[in-house]
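Following: one structure in structure tokens, then a few remarks.
The values are calculated or read from the model by the stated rules, or taken from the named source; none is laboratory data. Quantities reported herein were computed from a predicted structural model and do not represent experimental measurements. Cβ atoms come from the backbone with ideal geometry, glycine included; neighbour counts cover every protein chain shown.
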Amino acid sequence: MKDLSLHILDIVQNSLRAKAKLIGIEIAERPEDNQLVIIITDNGTGMNQEQLENSIDPFFTSRTTRKVGLGLSLLRQNAEMTGGAFRIESELGKGTKVSATFGLNHIDRPIMGDLVGTLLILICSPGETDYTFTYQTPFGKLELDTKEVKQMLESVPITHPDVRSFLKKMLNDNLKQIQICE
């Protein structure tokens with residue numbers, strides 16, 4: 001995958017297949033440590049120890065539609081190529097946590113890509129899943145919780161085009177103020 005937003009989308013799709021009802025996406029730019037950290041957590045079905053051990057094997061997938069599962073192994077490879085690290089934790093019946101740390105200024109670090117577009121695809125899709133999103137840098141912190149947004153909207157669905165337009169502008173404007181990476 002060429003950019004980090006596609007990695008995020010891929011990992012979240014795994015969470016959705018695991019029937020997660022709450023997915024957290026955290027991104028932190030830490031220039032003082034030369035780190036970009038991405039953490040995705042979910043409350044899905046989780047994995048047993050064997051599934052967890054096989055999860056980063058590119059020739060293992062729980063899907064029946066194809067015989068390979070490259071997402072986690074590519075994320076791990078991209079993180080480690082930048083001097084970073086990768087970790088996955090899971091407990092059956094409780095959920096999964098995927099953490100990837102990248103060298104922030106490393107030449108091999110994938111670009112962030114269209115993070116706002118990725119978030120909108122997830123947030124504004126029909127379904128019962130809620131999301132929390134946090135992006136933190138030394139210049140500030142952006143937080144979004146779809147449960148809170150839905151409460152404010154009352155009877156207007158989060159999938160409404162006007163809501164999507166508002167969220168797109170709000171996310172773009174706020175990320176521009178705090179984001180170091182692009």
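Numerical summary
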quantity	calculated
Criterion (modelled with pLDDT of 95 or more, surrounded by fewer than 17 Cβ atoms within 10 Å (Cβ to Cβ) and touching a Phe, Trp or Tyr at 6+ places or on another chain (Cβ under 8 Å)) met by exactly one of Asp145, Asp173	Asp145
Any hit, the stretch 57-76, residues being closer than 27 Å to Lys176 by Cα, of a type outside the set (Asp, Glu) and either modelled with pLDDT under 95 or not in a loop (DSSP other than H, G, I, E, B) (or both)	yes
Residues of the stretch 88-117 that turn out to be in a loop (DSSP other than H, G, I, E, B), within 13 Å of the chain's Cα centre (by Cα) and of a type in the set (A, V, I, L, M, F, W, C), as a count	1
Scope the stretch 131-157; condition part of a strand (DSSP E or B) and touching a residue at least 60 places away in the same chain (Cβ under 8 Å); matching residues	Tyr131, Thr132, Phe133, Thr134, Tyr135, Gln136, Thr137
Out of Gly127, Gly84, Gly117, Gly95, sole residue that is farther than 19 Å from Ser5 by Cβ and modelled with pLDDT of 95 or more	Gly95
Residue tally, condition modelled with pLDDT of 80 or more and either among the hydrophobic types (A, V, I, L, M, F, W, C) or closer than 15 Å to Val12 by Cα (or both), over the stretch 44-56	5
Flag for Ala79 being touching a residue at least 12 places away in the same chain (Cβ under 8 Å), part of a strand (DSSP E or B), among the small types (Gly, Ala, Ser) and surrounded by 17 or more Cβ atoms within 10 Å (Cβ to Cβ)	no
